[in-house]
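Peer 1: Below is one structure. I have some questions about it.
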Amino acid sequence: MARKMGLDLGNVNIGIAFSDPLGMFASGFISYRRQNLEQDLKYLADLIAEKDVDTIVVGLPKNMDGTCGERVQFTYDFCEQLQKVTTAKIVYQDERLTTVSAEKLLISADVRREKRKKVIDEVAASIILQNYLDKKY
């Protein structure tokens, strides 16, 4: 069965998470350090093929009032390029407060500050993906 991939797009890192084969649970995979658009797309396309991903769930960074700003357009632009290198379906999931939730989760797990910086994006990606999966079932 195909997996779902969750992405938390940032300027410096891309948080990546995957679902289990049944599409019920999300797990953080990596905080990928961005290189340039071409290398980023190749890395993601290779992962999508390797993990047999059929759906990519991308966090949509709406403003707190629900409006779309500059970051939403950045996300759409990136996903337009990503769609050119994969046949996987791309869907968007509201990501408001996911980074805050990820930070609180890591603090409650007593993860040290320097370690939190390294994993916060992948934890946010797993929250984005889990929120999507929870809506599906």
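Peer 1: Taking the residues in segment 22-56 that are within 20 Å of V119 (Cα to Cα) and among the hydroxyl-bearing types (S, T, Y) as candidates, determine which candidate is surrounded by the fewest Cβ atoms within 10 Å (Cβ to Cβ).
Peer 2: So the residue we want is S27.
Peer 1: Please go through segment 79-103 and pick out each residue that is loosely packed, with under 13 Cβ neighbours inside 10 Å, charged (D, E, K, R) and at pLDDT below 75.
Peer 2: Correct list: empty.
Peer 1: Looking at K135, is it within 19 Å of K4 (Cα to Cα) and in contact (Cβ under 8 Å) with a residue 24 or more places away in the chain?
Peer 2: For K135, the condition - within 19 Å of K4 (Cα to Cα) and in contact (Cβ under 8 Å) with a residue 24 or more places away in the chain - is not met.
Peer 1: Identify, from the list E122, E80, the residue that is among the charged types (D, E, K, R), part of a helix (DSSP H, G or I) and either closer than 18 Å to G23 by Cα or under 14 Å from the mean Cα position of the chain (by Cα) (or both).
Peer 2: One residue alone meets the criteria, E122.
Peer 1: Right, here's the next one. Determine which single condition G59 fails, assuming it passes every other condition in (1) under 25 Å from M1 (Cα atoms); (2) free of Cβ contacts under 8 Å to residues at least 12 places away in the same chain; (3) not basic (K, R).
Peer 2: Only one criterion is unmet by G59, namely (2).
Peer 1: For Q73, work out the one condition from (1) under 20 Å from N11 (Cβ atoms); (2) within 13 Å of the chain's Cα centre (by Cα); (3) not aromatic (F, W, Y) it doesn't fulfil.
Peer 2: The failed condition is (2).
Peer 1: In segment 95-119, what count of residues is obtained for those that are more than 11 Å from the chain's Cα centre (by Cα) and not in a helix (DSSP H, G or I)?
Peer 2: Total meeting the criteria: 6.
Peer 1: Assigned to a loop (DSSP other than H, G, I, E, B) and exposed (fewer than 12 other Cβ atoms within 10 Å of the Cβ): is that true of D65 in this structure?
Peer 2: yes
The values are calculated or read from the model by the stated rules, or taken from the named source; none is laboratory data. As the structure is a computational prediction, the values presented were derived from the model and not from experiment. Here the Cβ is made from the backbone with ideal geometry for all residues, glycine too, and neighbour counts use every protein chain on show.
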